[in-house]
Structure formats: C-alpha cells, structure tokens
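Structure first, then comments.
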Amino acid sequence: MRLKDKVCLITGGAKGIGAATAELFCREGARVEIADIDQASSREHVERLKGEKGQIVASEVDVTNADSIAAWKKDVLARHGRIDVLFNNAGISAVGLLHEIDEAIWHKVMAVNVTGPYLVSKAVLPVMVEQKSGVIINMSSCIAEIGLAQRAVYAATKGAMLSMTKSMQVDYAPYNIRVNALMPGTIYTPFVEDYLQNAYADPQVAIEGLKKRQLGPELGTPEDVAYAALYLASDESRYVMGAELKVDGGVTGGKPY
Ligand SMILES: NC(=O)c1ccc[n+]([C@@H]2O[C@H](COP(=O)([O-])OP(=O)(O)OC[C@H]3O[C@@H](n4cnc5c(N)ncnc54)[C@H](O)[C@@H]3O)[C@@H](O)[C@H]2O)c1
C-alpha cells in the first residue's frame, strides 16, 4: 500500500501506460482519477479494476480544453478535497519528415503533449500550493535526448516536457511539490502498435529493428513504466526532484554493438 489514500490524477489513463499506472496505483491503495477522451476504454478499465484495494473514477476530459479540465478539477475536489499526485501522461505521436508534416498535425501534437500538461498543471498547482504538498510526473521520452528518424515533431514536444519539468521544479520546490520526468524507450502499447501497423508492411520486422536499438532483449511493457511512476509518486522518492527517470531498456545507455 505504497500510495494509501493518496489522490492520484492520471491523464490518458484509459489505455497503455496510463491504464497500467492506474491499475498499479489502485492496487497500492490510491484514490485514482483517470481523465481521457476515450470513454469506452475508460469505462472498460474501471469495470475491470473493481475489487482492487484503492478506488478509481474515470472522467471524460480533453487535456487541450481548459473548460473540460476545470469541470474535472471541480468534481475531483468535491470527491476528495485534495490532490496529491498528477501524472501528465496523455500523449499522441506524429511520424514523418518535418517538412512533410502538416501544420495542423504540428499544432495538434503540441496541443496534446505540451499545452495539455501546461493546462492540467495550471489547474492543479494552486491546490498543491495551498496544501504545501504534491507530486507532478511529466511524461517525456528518451527521444528528448537522442535523434530518431522521422520524429522531429514528436521529439520537440518531449524535449519541451523535459525542460518544463526542470524549471517547474525550481518554482514549486518552496511549496514542497516535487516535479520529475519519465523518459521511456519503446513501450509496447496501442500507441506503438498503431504506428507499427500503419508504417510497416511487416510489423514483426519493425519490432526486431526496434529491439536492436536497445541493450535489453525485449521491448518495454506499460507495467515497466508504471512501476517507475509508482516510485516517483510515492514518498520513497521524497529526495528526487527535477529528475529524469529513464525506463528505456538501455536505448540511451550505449550501443549494443
Ligand atoms: N509507448 C511508448 O513507446 C512511449 C515511449 C515514450 C513516451 N511515451 C509517452 O507515454 C504517454 C502514453 O503513451 P502510450 O504509449 O500509453 O499511449 P496510448 O495511445 O496507448 O495511450 C494514450 C492515452 O491518452 C489518451 N489521450 C489522447 N489524447 C488525449 C486528450 N486530448 N485528452 C485526454 N486523453 C487523451 C488516449 O485516448 C489514450 O488512452 C504519451 O505521452 C507518450 O508520448 C510512450
């Protein structure tokens, strides 16, 4: 029960890493609130988690829409009266050469991956400042530190999240709020599955290629990242501030050959 009774908000909690984190946090006794645009997957997920030690509520929230976030915040505070953890996890990808990516896609990826965490943090921070306690986990990616083919637009958003994390930590440390970033490598989620199905004639060949980029033999699982989020959310990481936690199978650790 590493998160007993902590009120934990997870954006993009219906699928992939967010869903695995919601499940783990629930098992660790948290009061979990997931926010996602995908209501069908959210409902399914919440149904599956009935009977866990914690509690979980799903809300339809678009992290790019301030009104939607404000309504969610109001409901969360009515249910719990406080917010202990915010995991800014919701994100989307864009694949292609920079000059071929439509401007509309650039704005969309920026909106979900960067403006979203800004808007949700902006709503939640006054609560944490008032409490004089809180934890924010921002989803970056190992791509913030390495070059990867056809990902310049996506990489720009994850680099922004890493930089934002470090300066947020400086500003909110006096309020006993910790802000850290997660930097996953390739985690096998619907996000990666969609990309492989759409971009490659043979996804299996692509998976073998992805494995060659890393030191570990297998791609990551959503649970690998969820355990890292659990550490950052819990009091066990009380001395971890403004950090980037890599969960990348060694992608940034060295060359396998
Ligand atoms: N999977 C990877 O290899 C990988 C690696 C590094 C970083 N990441 C990051 O991890 C995060 C989660 O990725 P994932 O692989 O679990 O993706 P996913 O697509 O499996 O899940 C993302 C969730 O976010 C939700 N979402 C999308 N737009 C939203 C919006 N506007 N408002 C609210 N919810 C929204 C989706 O409905 C979905 O449930 C993303 O920020 C992604 O960039 C993923």
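The values are calculated or read from the model by the stated rules, or taken from the named source; none is laboratory data. Keep in mind that this is a model prediction, so the values were computed, not measured. Note that we place each Cβ from the backbone using ideal geometry, even for glycine, and neighbour counts take in every protein chain shown. Each accessible area value is taken on the protein alone, full model and side chains, heavy atoms only, with ligands, DNA and RNA left out. Shrake-Rupley method; radii C 1.70, N 1.55, O 1.52, S 1.80 Å.
In region 3-15, the residue that is surrounded by the fewest Cβ atoms within 10 Å (Cβ to Cβ) out of those that are within 16 Å of the ligand (Cβ to nearest atom) and in a loop (DSSP other than H, G, I, E, B) is LYS15. Selection of region 114-132 for residues being out of contact with any Leu (no Cβ under 8 Å at 6 or more places or on another chain), farther than 15 Å from ILE92 by Cβ and among the hydroxyl-bearing types (Ser, Thr, Tyr) yields only TYR118.
For region 166-176, the condition holds for no residue, the condition being that it is open to solvent by less than 40 Å² (accessible area, probe 1.4 Å), assigned to a helix (DSSP H, G or I), more than 30 Å from PRO126 (Cβ to Cβ) and among the hydrophobic types (A, V, I, L, M, F, W, C). Can you find a residue that is farther than 26 Å from PRO184 by Cβ and not basic (Lys, Arg) anywhere in region 83-93? No - not one qualifying residue is present in region 83-93.
Every residue, every condition in (1) more than 9 Å from the ligand (Cβ to nearest atom); (2) open to solvent by 20 Å² or more (accessible area, probe 1.4 Å); (3) modelled with pLDDT under 95; (4) not polar (S, T, N, Q), yes or no:
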| residue | (1), (2), (3), (4) |
| --- | --- |
| ALA94 | yes, no, yes, yes |
| HIS99 | yes, yes, no, yes |
| HIS107 | yes, yes, no, yes |
| SER141 | no, no, no, no |
| LEU148 | yes, yes, yes, yes |
| ALA152 | yes, yes, no, yes |
| ALA160 | yes, yes, no, yes |
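Of the residues in region 206-221, at least one is open to solvent by 30 Å² or more (accessible area, probe 1.4 Å), in a loop (DSSP other than H, G, I, E, B) and away from the ligand (no atom under 14 Å from the Cβ). Screening region 16-26 for residues that are open to solvent by 10 Å² or more (accessible area, probe 1.4 Å) and touching a Leu at 6+ places or on another chain (Cβ under 9 Å) and picking the one that is farthest from LEU49 (Cα to Cα) gives ILE17.
Out of GLY242, GLY185, GLY220, I need the residue that is within 24 Å of ALA20 (Cα to Cα) and touching an Asp or Glu at 6+ places or on another chain (Cβ under 6 Å). Which one? Break it down into steps so the answer makes sense when it comes.
Values: GLY242 fails: touching an Asp or Glu at 6+ places or on another chain (Cβ under 6 Å); GLY220 fails: touching an Asp or Glu at 6+ places or on another chain (Cβ under 6 Å).
Result of the check over GLY242, GLY185, GLY220: GLY185.
Among residues that are acidic (Asp, Glu) and touching a helix residue (DSSP H, G or I) at 6+ places or on another chain (Cβ under 7 Å), GLU44 is not included. Go through the residues of region 34-41 one by one and say whether even a single one is without any contact (Cβ under 8 Å) to a residue 40 or more places away in the chain, farther than 17 Å from PHE191 by Cα and touching a Leu at 6+ places or on another chain (Cβ under 9 Å). Yes, region 34-41 contains a residue that is without any contact (Cβ under 8 Å) to a residue 40 or more places away in the chain, farther than 17 Å from PHE191 by Cα and touching a Leu at 6+ places or on another chain (Cβ under 9 Å). Taking each residue of region 1-24 that is free of Cβ contacts under 8 Å to residues at least 60 places away in the same chain and looking for partners that are among the hydrophobic types (A, V, I, L, M, F, W, C) with beta-carbon atoms closer than 6 Å, six or more apart or interchain, yields ALA22/ILE10; ALA22/VAL32; ALA22/ILE34.
I'd like to know if region 179-193 contains one or more residues that are without any contact (Cβ under 8 Å) to a residue 24 or more places away in the chain and part of a helix (DSSP H, G or I).
yes
Among the residues of region 78-91, those that are out of contact with any Cys (no Cβ under 6 Å at 6 or more places or on another chain) and within 24 Å of TYR231 (Cα to Cα) comprise HIS80, GLY81, ARG82, ILE83, ASP84, LEU86, PHE87, ASN88, ASN89, ALA90, GLY91. For ASP75, state whether it is open to solvent by 20 Å² or more (accessible area, probe 1.4 Å), within 16 Å of the ligand (Cβ to nearest atom), over 18 Å from THR165 (Cα atoms) and out of contact with any Phe, Trp or Tyr (no Cβ under 8 Å at 6 or more places or on another chain). Judged against the criteria, ASP75 is a match.
Looking only at residues of region 29-72 that are under 17 Å from ALA111 (Cβ atoms) and part of a strand (DSSP E or B), we find that the one that is most open to solvent (accessible area, probe 1.4 Å) is ASP36.
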